[in-house]
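A short worksheet on the structure shown next.
The values are calculated or read from the model by the stated rules, or taken from the named source; none is laboratory data. Please read all numbers here as calculations on a predicted model, not as lab measurements. Glycine also receives a Cβ, built like all others from the backbone with ideal geometry; neighbour counts cover every protein chain displayed.
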Amino acid sequence: MFDTRPSGFDQTNKMTRICRCAGRTETFIELPGHSPLLVIARGTSEQPELQRRPRDYHAARKAVGLPAKPLVHEGRDQSSILEEFASLTGELTNAVVQLAKLRLPME
């Protein structure tokens, strides 16, 4: 999970059990100097904080010129979004196939 501050300072604190003393810096993750395309998926039924993080991560990657593609699923959350993988025509399945085509030589 990307964030500009440790996730323990928000609604996920009960799950992560990170105490407030865990970090005081604004950025705790370094973006790579280069990277292949990254699809950043999120659902609109997530908690606001869990929707903000992928948006911010996408913006951070774009700001340093790293390729990123947002994939927003209306009415989905972190559990129901996985149903997309069960469908051969699901958006997430399609995104994975497209990424594989970019990375693997085709015959």
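Remarks
- Long-range neighbours under 6 Å by Cβ, at least six apart or interchain, first residue in the same structural domain as residue 81 (by TED's automatic domain parsing) within segment 91-107, second at pLDDT below 85 and not hydroxyl-bearing (Ser, Thr, Tyr): 91/84; 92/84; 92/85; 93/85
- Taken over segment 65-107, the criterion of being assigned to a loop (DSSP other than H, G, I, E, B) and more than 16 Å from residue 40 (Cα to Cα) is satisfied by 75, 87, 88, 89, 104, 105, 106, 107.
- Flag if residue 61 is surrounded by fewer than 14 Cβ atoms within 10 Å (Cβ to Cβ) and in contact with a Pro (Cβ under 8 Å, 6 or more places away or on another chain): no
- Residues in segment 42-58 that are surrounded by 15 or more Cβ atoms within 10 Å (Cβ to Cβ) and of a type in the set (S, T, N, Q): 45, 51.
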